[in-house]
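J.: Structure below; questions to follow.
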């Protein structure tokens with residue numbers, strides 16, 4: 001019987017981490033997309049009012065900013081980006097807003113990896129699918145908030161330490177749970193290459209018809225090669241992604257006999273009513289879905 005410890009632990013950790021004082025938020029902060037916005041909230045606590053430019057269930061690759069986003073950016077004291085090519089739309093938004101503020105790029109300093117895509121080396125921007133990388137984010141966020149709001153620096157430090165402990169606990173649980181599955185059985189099919197860092201960190205192999213960005217399109221020959229590889233590797237499970245069109249992945253699954261394993265959240269949180277409204281819950285939920293699909 002599948003353990004639900006990951007999910008329950010994440011629920012408990014998130015509820016603890018979001019306890020906040022009753023005082024009103026003091027500084028306005030912008031984050032580029034929902035996952036980063038949640039991490040900023042955990043570190044900022046009651047001292048920050050965070051606006052996520054890309055909303056829950058939104059695609060950060062194909063985002064089209066609005067005038068309201070330009071206004072939020074202009075009013076923000078601190079702006080956070082993930083970087084590594086994820087927010088290619090941000091420079092247009094910054095120009096439209098008239099803001100001269102330099103954003104804090106929380107992935108700066110991380111060890112990244114690349115793919116070959118259309119004959120070019122492309123950096124994988126989906127760094128958050130490794131908890132150790134988000135621990136790196138937390139350090140950058142704490143430093144930036146303390147610089148912008150020195151009076152509350154001690155609170156930011158305490159929040160960062162508490163949240164980091166929660167992240168490390170969940171990281172250990174994920175490794176332990178996935179360690180019960182033989183490495184050669186940890187193979188699944190997803191819509192696009194969003195789980196490269198999860199794969200490197202936790203030993204799960206992901207195949208996908210699209211590249212690093214959902215803006216790319218797979219050719220007929222690439223799809224045919226992928227179908228053949230899925231058959232050769234004996235991949236039995238496929239997953240939809242909450243922010244992507246499911247039609248191509250369903251077509252490939254039909255051609256290979258792969259069975260649906262559910263929906264994953266690779267680059268966007270769910271809304272509050274969904275199963276992944278925070279980063280801790282997202283990582284827990286994705287892992288639980290993968291475990292359910294891979295266990296006999």
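The values are calculated or read from the model by the stated rules, or taken from the named source; none is laboratory data. What you see is a predicted model, and the numbers here were worked out from it, not measured in a lab. Here the Cβ positions follow ideal geometry from the backbone for every residue, glycine too, while neighbour counts run over all protein chains shown.
J.: Which residues, taken from the range 77-102, are surrounded by 19 or more Cβ atoms within 10 Å (Cβ to Cβ), over 19 Å from the mean Cα position of the chain (by Cα) and within 18 Å of residue 137 (Cα to Cα)?
T.: If the condition is that a residue be surrounded by 19 or more Cβ atoms within 10 Å (Cβ to Cβ), over 19 Å from the mean Cα position of the chain (by Cα) and within 18 Å of residue 137 (Cα to Cα), then 78 is the only one that fits.
J.: Taking interchain pairs and intrachain pairs at least six residues apart, which have beta carbon atoms under 7 angstrom, with the first residue in the range 94-122 and at negative phi and the second surrounded by fewer than 12 Cβ atoms within 10 Å (Cβ to Cβ) and assigned to a strand (DSSP E or B)?
T.: Partner pairs satisfying both residue conditions: 114/121.
J.: Could I ask something else about it? Just to be sure before I move on: is residue 224 modelled with pLDDT of 85 or more, surrounded by fewer than 17 Cβ atoms within 10 Å (Cβ to Cβ) and either more than 24 Å from the chain's Cα centre (by Cα) or part of a helix (DSSP H, G or I) (or both) in the structure I sent?
T.: For residue 224, the condition - modelled with pLDDT of 85 or more, surrounded by fewer than 17 Cβ atoms within 10 Å (Cβ to Cβ) and either more than 24 Å from the chain's Cα centre (by Cα) or part of a helix (DSSP H, G or I) (or both) - is not met.
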